[in-house]
Amino acid sequence: MSNKKMNAKRAGVVSAGTLLMLLMSSPAFALTRDDGDDPGPGLSVLNTLGLYVAAPIVLFLVITGLTMVLSRHSDNPHTHDTHYAKAAR
């Protein structure tokens, strides 16, 4: 087979596979409720921002602060600031 035919066949297989995956993941049954499907009340804008914006930022800052504080009081010399050359004696 020539290289052009092989590339065309490969492109066709990839396109067909992609189309098949898209069709299988379509929300065809999204309107029918399943057993145990009991959605709760929606979140307000403030709740959403607090949950998905403020909480991760606060968690990041707490972890960063704990890491900085605990590494300062460590006996491990590799955790201290070693960017500056030590004075020769």
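If the chain linking residue 20 and residue 34 were pulled fully straight, counting 0.36 nm for each residue of separation and taking away their Cα-Cα distance, it would gain 2.6 nm. The modelled label-to-label distance for the pair residue 58/residue 71, using points 7 Å beyond Cα in the direction of Cβ, is 2.5 nm. Across segment 42-51, rounded Karplus estimates of 3J(HN,Hα) from the backbone phi angles (6.51 cos²θ - 1.76 cosθ + 1.60, θ = phi - 60°) give x, 8, 7, 4, 5, 4, 5, 5, x, 6 Hz, Gly and Pro being marked x.
Bear in mind that the values in this text are calculations on the coordinates, not laboratory data. Just so it is clear, the model here is predicted, and its values are computed rather than measured. Note that each Cβ is placed from the backbone with ideal geometry, even for glycine, and that neighbours are counted across all protein chains shown.
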